[in-house]
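The values are calculated or read from the model by the stated rules, or taken from the named source; none is laboratory data. Model, not experiment: these values are computed from the prediction. Note that each Cβ is placed from the backbone with ideal geometry, even for glycine, and that neighbours are counted across all protein chains shown.
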Amino acid sequence: MTYDLLIKNGKVIDGAGNPWYWGDVAVEGDRIAAIAKLPEAKAERVIDARGLVAVPGFIDAHSHSDFTTLVYREMESTVMQGITTVAAGQCGSTAAPVNPEFRETFEKDMNAQLPPGVTIKVTWSTFDEYLREEEKAGLGANVAHMVGHGAIREAAMGPDARDPTAKELRRMKELCAEAMKAGAYGLSSGLIYPPGIFAKTRELVEVAKVAAEYGGIYDTHIRGEGRALLKSVKEAIAIGEKAGIPVQISHHKAANKAVWGKSRTTLRLIEKARAKGVDVTVDQYPYPAGATGLVTLLPPWVHDGGMEKLLARLADPKQRERMRKDINEGIPGWENFAGELGWENVLVSSIKGAINKKYEGKMMDVIAREMNEKDVFDALWRLILAEEGTPGMIIFSMDEGDIKRIMASPYQMVGTDSSSVSTAGPFGFGKPHPRHFGTYPRVLGKYVREEGVMRLEEALRKMTSFPSQRFGILDRGLLRPGMYADITVLDPDKVIDKATFEDPHQHPEGIPYVVVNGKVTVDDGKYKKVLAGKTLRKR
């Protein structure tokens, strides 16, 4: 028998948690044709996997690549770490739906998230129209989409900090249904970001009920991961119970010294919820820091009405004093990063403007000194205003004990919480969080091989079949004949991340081959622009 591709002489780990076995993997077209000892088999392309392990391509349980797929289809940083499918559209923020009335503002906000010189024209309104746009050309990896509650809310009622009217809530539910019919895999929310931060539990339940009708999940960046952690986990569980929908808690963490160790309690809450019949799981990235936009440091009321109004408030000295007071003293229920973690733990990761570029990669307290400002608040106002709200930040907030405890949980799966970037060119911009390049190799190298947090086979289950089952991407995530040929070939003795916070633009080691839909996309450790990935739709 002659196949298109044959991976031979290696071990096979199937992704289900089973021990490895010796076997060859034969591929015909975009499917796995056979897995067995195939000594007589021939192929147009043979990969000698001697000393290596063939595993299912990784499925990123938490990706933001949907904001770049139309302008950066290669998805290099994603594929180079062994990821062949991403579950995108997270934290409530998605590229669709779009209300034509707010299209200009939506496009401006979307372009603000892209590197300098890269823009996109928003021509779509519905979720289906957006997916059709993505389907016009290939992708580096497969992309499965969630629909964002924040996008739905803005399309239905704009960016205002208020409850929806009955008519607006009906429209939100209609937009969710449209997206689910188009092939969304579920509903995501971002409850520390506008406009999700303005939504009450009842609103989230009502919209999640619609996603549940179509077999979707509710994937949530909970309302707080610091002092509000336990209350926020309980809210997520309550939404799942009331809406009758599986709950995925995004990038689960205890992100404040005040709650270090509380992962014991959150995992018990999840265990109790599951005992009651509420389906709750989590995803996680293996780093002690998170990343988001610098404007997230500002109190919730500052975000009411969108970015233009935020910048206008920031330009008003009286309103800045109110912001200063709120950050210093806190607001009940608000995730107050700077006030609770300290400026010395806030790193500015990306700056578009040439004048302020010198502050990139530095902590806010250092930036304030270099600006000769009297305090960090003045440096913050100045930087956000000058850059029109676009700087990114990295926040150091977590303890290794919680990271390992969550990682070892049977309810944990792996996600990058990143978009697809590159080592050079426009998408090599800034100093992004190293999770963009190293999430999966870091788990396999540091936490599996070096620290023994879990077995290799169990870690691979959490990277493949577990997210596949969770999102309903059931024809990927396992090495089985008939499944799509998404395959990662790695060296378990050498795989490791190289990216650091200081120097993030480094691909990992120990992943010499990645196959996407039967096409070799990483070949002998080098990226190939094959673009064999597809837009996936839930059916």
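Residue check: Asn142 meets all listed conditions (1) closer than 18 Å to Ser63 by Cβ; (2) surrounded by fewer than 20 Cβ atoms within 10 Å (Cβ to Cβ); (3) touching a Lys or Arg at 6+ places or on another chain (Cβ under 6 Å); (4) not acidic (Asp, Glu) but one, namely (2). Restricted to strands (runs of 3 or more DSSP E) entirely inside the stretch 472-539, those with at least 1 residues that are surrounded by fewer than 20 Cβ atoms within 10 Å (Cβ to Cβ), of a type outside the set (S, T, N, Q) and without any contact (Cβ under 8 Å) to a residue 12 or more places away in the chain are 519-523.
Contact annotation: residue pairs with Cβ atoms under 9 Å, 6 or more positions apart or on different chains, pairing a residue in the stretch 173-198 that is free of Cβ contacts under 8 Å to residues at least 24 places away in the same chain with a partner that is assigned to a helix (DSSP H, G or I), are Glu174/Ala156; Glu174/Val210.
Taking the criterion of being assigned to a loop (DSSP other than H, G, I, E, B), more than 22 Å from the chain's Cα centre (by Cα) and among the polar types (S, T, N, Q), would at least one residue in the stretch 159-175 satisfy it?
Within the stretch 159-175 (the criterion being assigned to a loop (DSSP other than H, G, I, E, B), more than 22 Å from the chain's Cα centre (by Cα) and among the polar types (S, T, N, Q)), the answer is yes, since at least one residue qualifies.
When the residues of the stretch 186-230 are filtered to those that are crowded, with 23+ Cβ neighbours inside 10 Å and hydroxyl-bearing (Ser, Thr, Tyr), the one that is nearest to Gln90 (Cα to Cα) is Ser188.
Just to confirm my filter: which helices (runs of 4 or more DSSP H) fall fully inside the stretch 24-143 and include at least 2 residues that are more than 26 Å from Gln506 (Cβ to Cβ)?
On the way: elements: 76-80, 103-112, 127-134.
By residue number, 103-112, 127-134.
Does at least one position in the stretch 314-322 carry a residue that is surrounded by 16 or more Cβ atoms within 10 Å (Cβ to Cβ), in contact (Cβ under 8 Å) with a residue 40 or more places away in the chain and either β-branched (Val, Ile, Thr) or out of contact with any Lys or Arg (no Cβ under 9 Å at 6 or more places or on another chain) (or both)? No, the stretch 314-322 contains no residue that is surrounded by 16 or more Cβ atoms within 10 Å (Cβ to Cβ), in contact (Cβ under 8 Å) with a residue 40 or more places away in the chain and either β-branched (Val, Ile, Thr) or out of contact with any Lys or Arg (no Cβ under 9 Å at 6 or more places or on another chain) (or both). Mind listing just one residue for me: the one in the stretch 455-471 that is part of a helix (DSSP H, G or I) and among the hydroxyl-bearing types (Ser, Thr, Tyr) and, of those, surrounded by the fewest Cβ atoms within 10 Å (Cβ to Cβ)? The qualifying residue surrounded by the fewest Cβ atoms within 10 Å (Cβ to Cβ) is Ser465. Just one of the listed residues (Thr423, Thr439, Thr521) is among the polar types (S, T, N, Q), in contact with a Pro (Cβ under 7 Å, 6 or more places away or on another chain) and at pLDDT 95 or above, namely Thr439.
Among the conditions (1) in contact (Cβ under 8 Å) with a residue 60 or more places away in the chain; (2) crowded, with 21+ Cβ neighbours inside 10 Å; (3) not in a loop (DSSP other than H, G, I, E, B), Thr416 misses just one, which is (3). Kindly establish whether Val122 is of a type in the set (A, V, I, L, M), within 16 Å of Arg171 (Cβ to Cβ) and at pLDDT 95 or above. It is false that Val122 is of a type in the set (A, V, I, L, M), within 16 Å of Arg171 (Cβ to Cβ) and at pLDDT 95 or above.
Condition check for Ala275 on (1) buried (at least 20 other Cβ atoms within 10 Å of the Cβ); (2) assigned by TED's automatic domain parsing to the domain that holds Ser63; (3) among the small types (Gly, Ala, Ser): one failure, at (1). Does Val259 satisfy the condition of being closer than 30 Å to Leu383 by Cβ, touching a Leu at 6+ places or on another chain (Cβ under 6 Å) and of a type in the set (Val, Ile, Thr)? The answer is yes for Val259.
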